[in-house]
Amino acid sequence: MSGSETTKIVALGDSLTVGETGFMLSASEEPVVAYPNILERFAEEYLRSRQSELKIEVLNKGVNGDLTSGMLERFRIDVVAEEPDYVIILGGTNDIGWGLGLATIMHNLACAYDAARSEGIGAVACSVPSILGFDEFIPPRLDLNRAISAEAKKREVPFLDFFTATADQRNNRLLEDCSADGLHLNSKGYERMGKYAFEKWLKSVLDHTFSVVSKNT
């Protein structure tokens, strides 16, 4: 761990990680909060409920419009230099938009997973969320997500299925009440992502940390 009482996480990605899309669904709506902030909030609430002195820090290293190649290029500066315990890697949406092939996207993501492992950082793989109003872009997302899931299993890293967490199971489209503009998510969508990431992954990480700390005290 980066500190005896702190678990540090970097969220690496594109605008889906940035969260502040600037899309306002109504004049009164608050700015969209990114899923890393929501994940941190759930973790902090859980730590308080356990009356724990452990700390959590989730850094948002999303870059609007980034490709998986860009994430890989800035991996050392935005991830390794931060000395995190874990890195959540969410990428591929823009690659699909630019027509890049599945093999290219997966090569970049696999290199990112391996780069994390070589630095002693726990990688977390993520499926990309669906889309609303552009059905032709759903099949490539499904193909990519199957490949990411398989790669995560092969490398024995956690896999967060953000697609399933925010999609309409009847048609695989992004849930309408989670969508800001069809591509980006709104506050409700990011709330779903943050809660899902906490319940499916981070909670167990914190529980394990509790166990380790207890044995050492």
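Results, tabulated for the structure shown:
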{"read-out": "Farthest positive-ward along the chain dipole, Cα basis, beta-carbon charges - from PRO36, THR209, LEU59", "value": "THR209"}
{"read-out": "Where only C-alpha atoms are counted, convex hull volume of the chain per residue in Å³", "value": "121"}
{"read-out": "Which of VAL63, VAL87 has the fewest Cβ neighbours within 10 Å, and the rest in rising order", "value": "VAL63, VAL87"}
{"read-out": "Mean projected area in nm² (Cα convex hull; one quarter of hull surface) for the range 92-131", "value": "3.0"}
{"read-out": "Stretch gain in nm, segment ARG146-ALA103, where the contour uses 0.36 nm per residue and the Cα spacing is subtracted", "value": "14.2 nm"}
{"read-out": "Förster radius 41 Å - calculated FRET efficiency between GLN169 and GLU82 (Cβ-Cβ, nearest 0.05)", "value": "0.70"}
{"read-out": "Partners for LYS154 among lysines (Cα-Cα distance below 29 Å; same-chain residues under 8 apart left out)", "value": "LYS8, LYS61, LYS195, LYS200, LYS203"}
{"read-out": "Mean ellipticity per residue at 222 nm, deg cm²/dmol - from DSSP H runs of n ≥ 4 across the chain, formula -39500 (n - 2.57)", "value": "-13000 deg cm²/dmol"}
{"read-out": "Ordering of 197-206, 90-99 by packing [mean C-beta count within 10 Å, highest first]", "value": "90-99, 197-206"}
{"read-out": "Dipole magnitude of the chain, debye to nearest 20 (Cβ charges: Lys/Arg +1, Asp/Glu -1, about Cα centre)", "value": "640"}
{"read-out": "Distance between the range 103-131 and the range 144-217 - C-alpha centres, whole angstrom", "value": "14"}
{"read-out": "Sites VAL33 and ARG117 - FRET efficiency at Förster radius 45 Å, r taken between beta-carbons, to 0.05", "value": "0.90"}
{"read-out": "Order of GLU5, GLU119 under a 10 Å beta carbon neighbour criterion, fewest first", "value": "GLU5, GLU119"}
{"read-out": "Under 5 Å, built H, 5+ apart or other chain: amide partners of LYS55", "value": "THR6, THR7"}
{"read-out": "HN-Hα J in Hz across the range 170-185 - Karplus 6.51, -1.76, 1.60, θ = phi - 60°, x for Gly and Pro", "value": "6, 9, 6, 7, 4, 4, 4, 7, 10, 9, 8, 9, x, 10, 8, 9"}
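Values quoted throughout were computed directly from the atomic coordinates according to the rules given, and no laboratory measurement underlies them. All values derive from a computational prediction rather than experimental measurement. Cβ: placed from backbone, ideal geometry, glycine included. Neighbour counts: every protein chain shown.
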